[in-house]
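Asks: Following this message is one structure expressed as structure tokens.
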Amino acid sequence: MSNSIILLSVPPGWPEDCPPRSAFFSLAPEGCSGGTNEGLSSYYNRLSACHGLHPRSLAMQAIAPLFRDQPMDTQRTIRNSYYDLRMNGVSQTAIAWVDALERLTLRNDLALRTLLPLRSVVSSFRLLSKTERFCACCYRDDEFSGHAKYNRLLWSIDCVEACPYHNVLLQIAPYSRDTTQYKFCVPGLSRLDGSNLARYTTRGASQEQVRSARLVAELLDDVHQHPDAFANGCSPSKFVQHAIKTLFDGNSRRFANHLGVVNSEVDYWRSERGNPCLPRLVLLAYCCGSCVSDVLLGNTVMLRKVYPISNADPLNCKSAKDSQNLLAELDVLFRSGSTENLHQAARLLNVTETFLHKLAPEIAASLVQRGTAIRHCRRIQREEARFHDFWQSFQELRFEGIYPARVKVLERMRRRTGKGLGFREAARFHKRAFDLAETSPYPSASPTRTSRD
């Protein structure tokens, strides 16, 4: 696009004092509470579907031109995050997406569809999930109510493991490392094959996982409804001191044992040298029978001891199952081939990759090698697919009697497939195509060189 996109306009013939029209449809986000609010990434995908465009096309044609004044790296990051959960987070990428979509839709409430209200409240450590997750029961409720399926913002928070409404575990959405394979973009559909995610089977969650999810949902509600209470900063140290004094007679070591953390971590919170991250805040609120807002604001409320059902650490992800059961499950996953790499196995078993390395070093090493081999094979397949498009454009020019210069082949390939190539890869493909052309049947019409390569 050579010209800047027009954000506001008035149709011809309308009165001059008429309010301007937005460049995009002013689509209303779904949800009305912390547990049901729609995430910005889901909103953008639904907005793209309303305009009949692929999210990548909309990002390239409408979002990217708004940031031409930014450095190229920033533009590339914003443009390539259209499938990423980063637009739901607290980084500069999320701020850029909110600014762009609010300018294009003339809405002023899209920041509430991200975790930006938590930016000055909690640490960004372990805040945003690295993988997209969903609740099949919530999708079924969306279908039953008759409105479009959407992804909840709560699902993109890393320490949330369960749906607080249906008491089931969140599931990892089908994904591929190659985002060019994503043909289905509407929430509720698998991006790989378009299957309905609402039909997926669910697994029940523990009482502790459900309660933790509700605590996070209540925190989102409190931050949205009472932003002034969190504007002056947070002081969890007051709550920690109050909990130690009230529940354990001032003994911090007993309090640390109750939480399942080391005593130095509790002393770190008491000294106001740093604030707990969100998983630790949820742990504090759960074990003290309080809410996360009271922990953040340092409220001296009535407390009670709540013992965790499991000894699972929300940061280290050590499973409550014994080693024998975990080893048996890992062996079944490895032999059945249902996991492609160590990361997937750790996610399915709800442990860390480091823990699996200590539990079964041989199986973990084999899973790492399997993941490396699969990624290498897929990378070769993608490269061969790109060369196939390049070779077809190369052959078309030869049959038309045009010398297949690299620039012309790339231009023809871009017109045919909409794809481009980097300089080094294009040069390598060009040399390979000429080597292949020497052994392939040459067209009857001899090519005429019209331009220098």
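The values are calculated or read from the model by the stated rules, or taken from the named source; none is laboratory data. Here the structure is a predicted model, which is why all the values come from computation and not from measurement. Ideal geometry is used to build each Cβ from the backbone, glycine not excepted, and the neighbour counts take in all protein chains shown. Just so you know, the surface numbers come from the protein's heavy atoms only, side chains and all, with ligands and any DNA or RNA stripped out. Shrake-Rupley method; radii C 1.70, N 1.55, O 1.52, S 1.80 Å.
Asks: Of all residues in the stretch 269-289, which are outside any helix (DSSP H, G or I) and surrounded by fewer than 21 Cβ atoms within 10 Å (Cβ to Cβ)?
Replies: Ser271, Glu272, Arg273, Gly274, Asn275, Cys277, Gly289
Asks: Run Ala346 past the list (1) under 23 Å from Arg56 (Cβ atoms); (2) among the hydrophobic types (A, V, I, L, M, F, W, C); (3) in contact with a Leu (Cβ under 6 Å, 6 or more places away or on another chain) and report the number of the one that doesn't hold.
Replies: (1)
Asks: Checking Ala373 against (1) open to solvent by 30 Å² or more (accessible area, probe 1.4 Å); (2) on the phi > 0 side of the Ramachandran plot, which test does it fail?
Replies: Result: Ala373 fails condition (2) only.
Asks: Being under 24 Å from the mean Cα position of the chain (by Cα) and without any contact (Cβ under 8 Å) to a residue 12 or more places away in the chain is the filter here; which residues of the stretch 334-343 pass it?
Replies: Answer for the stretch 334-343, where residues must be under 24 Å from the mean Cα position of the chain (by Cα) and without any contact (Cβ under 8 Å) to a residue 12 or more places away in the chain: just Ser338.
Asks: Could you look through the stretch 324-369, keep only residues that are in contact with a helix residue (DSSP H, G or I) (Cβ under 7 Å, 6 or more places away or on another chain) and open to solvent by 80 Å² or more (accessible area, probe 1.4 Å), and pick out the one that is nearest to Pro174 (Cα to Cα)?
Replies: The selected residue is Leu348.
Asks: Something else now. Test Ser444 against the stated conditions and say whether it is surrounded by 14 or more Cβ atoms within 10 Å (Cβ to Cβ) and either modelled with pLDDT under 85 or assigned to a helix (DSSP H, G or I) (or both). Show your work before the answer.
Replies: Details: surrounded by 14 or more Cβ atoms within 10 Å (Cβ to Cβ): no; either modelled with pLDDT under 85 or assigned to a helix (DSSP H, G or I) (or both): yes.
When the stated conditions are applied, Ser444 does not pass them.
Asks: Assuming Tyr139 fulfils every condition listed in (1) in contact (Cβ under 8 Å) with a residue 40 or more places away in the chain; (2) part of a helix (DSSP H, G or I); (3) open to solvent by 20 Å² or more (accessible area, probe 1.4 Å); (4) within 20 Å of Gly188 (Cβ to Cβ) apart from one, which condition is it?
Replies: Status for Tyr139: all satisfied but (3).
Asks: Something else now. Name the residue, out of Ala162, Ala111, Ala173, that is small (Gly, Ala, Ser) and open to solvent by 20 Å² or more (accessible area, probe 1.4 Å).
Replies: Just a single option satisfies the conditions, and that option is Ala111.
Asks: Could you check how many residues of the stretch 400-441 are without any contact (Cβ under 8 Å) to a residue 40 or more places away in the chain, of a type in the set (Gly, Ala, Ser) and in a helix (DSSP H, G or I)?
Replies: 2
Asks: Among (1) among the small types (Gly, Ala, Ser); (2) touching a strand residue (DSSP E or B) at 6+ places or on another chain (Cβ under 7 Å); (3) outside any helix (DSSP H, G or I), which single condition is Gly250 missing?
Replies: Only one criterion is unmet by Gly250, namely (2).
Asks: What residue, among those in the stretch 350-378 that are of a type in the set (Gly, Ala, Ser) and without any contact (Cβ under 8 Å) to a residue 12 or more places away in the chain, is farthest from Glu329 (Cα to Cα)?
Replies: The selected residue is Ala373.
Asks: Tell me which residues, restricted to the stretch 142-156, are open to solvent by less than 20 Å² (accessible area, probe 1.4 Å) and part of a helix (DSSP H, G or I).
Replies: Asp142, Leu153, Leu154, Trp155, Ser156
Asks: Would you check which residues across the stretch 219-250 are more than 17 Å from Ser290 (Cβ to Cβ) and open to solvent by less than 60 Å² (accessible area, probe 1.4 Å) and list them?
Replies: His224, Gly233, Gly250
Asks: Let me ask another. Please work out if Val266 is buried (at least 20 other Cβ atoms within 10 Å of the Cβ), at pLDDT 90 or above and either among the aliphatic types (A, V, I, L, M) or over 23 Å from Cys163 (Cβ atoms) (or both).
Replies: no
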